Amino acid sequence: MSIKLFDLKQQHSHALAKADSIVAAAEAAGRAPTESEGRDFDMAMTVVKTLAPQIQAIQSKNTIHGMMSGGMLIASDGDHGDRTVQTDIGPKLSADYPDAFFTYIQSEGKNMQASLYEGSNGAGGFAVPITVAGAIVPLAPSEMAVRRLAQVIPTSMDIKVPIKGSFGTASTKAENAAFVESDPTIGQFTLSAFMNGIQQTVSWELAQDVPAFQAFCFSDMMTATQLREESFYVDGTGTGQPQGMIGNVGAGVTEEPDTAGNLIALDGILDLVGTLNAVYHPNASFLMSRATSILIRKAQRQANLFDPIWTRVGKQDYLHGYPVEYSSSMPTAARGAAPMLFGDFEAGYVIGDRGGAGINVKVLDQPMAQQGQIVLLAYRRTDGRVRRSEAIQQYNIAAS
């Protein structure tokens, strides 16, 4: 039966920790270990001594990990600089060279029968050194903001979250009359976890010869996972994937384009601000795509406002004094779309990360070993739910 290296290491670590805790407890109490503690210590150390050679034997057979050096999956040779080839062979001129040289002199430099240059490989191009930059120029990732704005919590299992559905209603009563009962309503949603991730396969040769490619792959996989999650946080169905905010938050306002043909009306934005309860204003912000922000700024310029509603302080944009955050996953401005959200996203949306907030990266060196390839996996289990719909309001453009 195959024994997994990971399991052996866990057992080894557990036994070593147990032995250490026994010694530490005795030292803290200023006494010698009891007879029972001595037996437990001996048993733990026996496990440690038994597992150590088994772990070493398995690792010695793992050729991929055996080549790791300095944090590299497959270590490079460490020398990627220019290489100079030295030779003892002196310069030799062909028999045709003197004739060509004298022809060149007699023609006063107008008749050149031969030359060496870079444009042709045979005429010198093969001798020109080629250097490749050590870093791969990345693409700019799409803009993401929801995870930064929302409340993010760690989870270890599905969480049932109770929410208040409505208030009780007070009434005026006459003297000696009975009070009228009116109870609040309670609702509930489940914060679960859905896995999003990506797989990439890299050859041993590429991983070994191009040190920068390993870091490039990891960065690319993590960005791809984050972009996938962002799209769900904005517009997910909530079934088998996180629940998006669009369509699940407050109704906000539905506005017609203005008389100048701008899809987003400046007065409509003021109406949207007015729909948010005062409790949520201190931490409120706008969320939209950058393309939507351009439409608003164009409308502001067209209206020639004495007091601009769109301002910029340092690197932060503000609309009516509220911060503007950007997400490329937000819908573009169009008839029937909801291109803008406004509210307290921390109060209104919760993200639960199962097993920690980090994106997990795994290196599988065995499944594709016969093909000389390494499989890289990046994933995170997460869910997102609207926890208080009134805390976030959306701007809707009328369908027609």
Could you list, ordered by first residue, the pairs with Cβ atoms under 8 Å in which the first is in segment 339-363 and closer than 30 Å to I374 by Cα and the second is modelled with pLDDT under 90 and assigned to a loop (DSSP other than H, G, I, E, B), at least 6 apart or interchain? V363/L73
Here the qualifying pairs (Cβ atoms under 7 Å; residues six or more apart or on different chains; first in segment 281-308 and over 15 Å from D267 (Cβ atoms); second assigned to a strand (DSSP E or B) and of a type in the set (D, E)) come out as S285/E325; F286/E325; L287/E325; S293/D317
Please go through segment 326-350 and pick out each residue that is out of contact with any Ser or Thr (no Cβ under 9 Å at 6 or more places or on another chain) and part of a helix (DSSP H, G or I). E346, A347
Conditions (1) in a helix (DSSP H, G or I); (2) farther than 22 Å from S142 by Cα; (3) within 29 Å of the chain's Cα centre (by Cα): number failed by Q302: (3)
On the given criteria, is G236 assigned by TED's automatic domain parsing to the domain that holds V350 and surrounded by 19 or more Cβ atoms within 10 Å (Cβ to Cβ)? yes
Restricting the first residue to segment 24-46 and requiring it to be on the phi < 0 side of the Ramachandran plot and at pLDDT 80 or above, which pairs with a second residue that is part of a helix (DSSP H, G or I) and aromatic (F, W, Y) meet a Cβ separation below 7 Å and a spacing of at least six or different chains? P33/F41
Does segment 371-380 contain any residue that is under 18 Å from P242 (Cβ atoms), assigned to a strand (DSSP E or B), modelled with pLDDT under 95 and polar (S, T, N, Q)? no
Within segment 149-179, the count of residues that are surrounded by 10 or more Cβ atoms within 10 Å (Cβ to Cβ), assigned to a strand (DSSP E or B) and free of Cβ contacts under 8 Å to residues at least 60 places away in the same chain comes to 3
Scanning segment 387-400 residue by residue, the ones that are out of contact with any Phe, Trp or Tyr (no Cβ under 6 Å at 6 or more places or on another chain) and either of a type outside the set (S, T, N, Q) or on the phi > 0 side of the Ramachandran plot (or both) total 8
Enumeration of residues in segment 186-219 that are of a type in the set (S, T, N, Q) and within 23 Å of Q151 (Cβ to Cβ): Q188, T190, S192, N196
Can you tell me which residue among S231, S192 is small (G, A, S), touching an Asp or Glu at 6+ places or on another chain (Cβ under 6 Å) and surrounded by 15 or more Cβ atoms within 10 Å (Cβ to Cβ)? S192
Residue list for segment 246-278, restricted to those being surrounded by fewer than 15 Cβ atoms within 10 Å (Cβ to Cβ) and without any contact (Cβ under 8 Å) to a residue 60 or more places away in the chain: T259, A260, G261, D267, L270, G274, A278
Please indicate, with yes or no, whether at least one residue in segment 343-360 is of a type in the set (K, R), more than 20 Å from the chain's Cα centre (by Cα) and either under 30 Å from M222 (Cα atoms) or surrounded by 16 or more Cβ atoms within 10 Å (Cβ to Cβ) (or both). no
Residue pairs, Cβ under 7 Å, 6 or more apart or interchain, first in segment 193-209 and over 9 Å from R381 (Cβ atoms), second exposed (fewer than 15 other Cβ atoms within 10 Å of the Cβ) and not hydrophobic (A, V, I, L, M, F, W, C). List them. S203/G372; W204/G372
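The values are calculated or read from the model by the stated rules, or taken from the named source; none is laboratory data. In this text the structure is predicted, and so the values were computed from the model without any measurement. Reconstructed Cβ throughout: ideal geometry from the backbone, glycine too, with neighbour counts over all protein chains shown.
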